Amino acid sequence: MAVKKNAPLTERRVTPMAGPQPTSPERRGAPSKQIRRFTIEQANKTLPLVKRVVADIVQVHGKASEIQTKIDATPNGTTARSVLQEQLELTIDRLDGLLSELHDIGCELKDYQAGLVDFIGRHKGHDVCLCWKLGEEKIEFFHEIPAGFAGRQPVAQLEET
């Protein structure tokens with residue numbers, strides 16, 4: 001599920017997210033930042049922190065999805081719906097904070113449910129994505145930027161330059 005941002009509270013909702021996305025989830029007020037490039041070693045060193053943040057993102061996103069389901073089943077104009085909408089707003093704000101943490105590390109979330117993250121790396125003189133998913137112990141795959149998750153290749157084939 002993706003979060004509909006910048007909508008009034010009465011219209012904010014969590015919507016389905018079909019899987020790995022070609023771009024990172026939209027964040028309110030995300031400042032532009034110079035791209036950070038990682039070696040495999042550097043990216044793997046960030047994983048203890050990235051794992052904690054991504055696990056929280058997956059959990060908080062799940063909570064937002066549950067609240068949205070309850071909102072959808074609650075009649076408009078009721079106190080219960082207003083309370084649920086306030087809970088959703090707080091949960092989305094928490095999700096935004098976690099996404100900011102991940103952005104500050106220098107990587108991008110590609111999928112809320114799977115906890116899929118890309119780090120920018122180098123292969124034969126051009127940028128590629130070093131691809132990691134929640135549950136993996138280390139970064140074991142990379143892919144060309146336009147290829148996405150389906151184009152993952154083992155890092156043993158990576159020629160960092």
Problem set entry | Number of positions in region 129-151 that are surrounded by fewer than 18 Cβ atoms within 10 Å (Cβ to Cβ) and part of a strand (DSSP E or B) | 1
Seminar exercise, completed: Residue count, region 79-107, condition without any contact (Cβ under 8 Å) to a residue 40 or more places away in the chain, of a type in the set (S, T, N, Q) and closer than 15 Å to residue 67 by Cβ, comes to 3
For this session: Restricting attention to region 85-112, report how many residues are in contact with a helix residue (DSSP H, G or I) (Cβ under 6 Å, 6 or more places away or on another chain) and assigned to a loop (DSSP other than H, G, I, E, B).
Result: 1
Problem set entry | Residue in region 61-72 that is closer than 30 Å to residue 41 by Cβ and modelled with pLDDT of 95 or more present | yes
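The values are calculated or read from the model by the stated rules, or taken from the named source; none is laboratory data. No experiment lies behind these values; they were computed from the predicted model shown. Note that we place each Cβ from the backbone using ideal geometry, even for glycine, and neighbour counts take in every protein chain shown.
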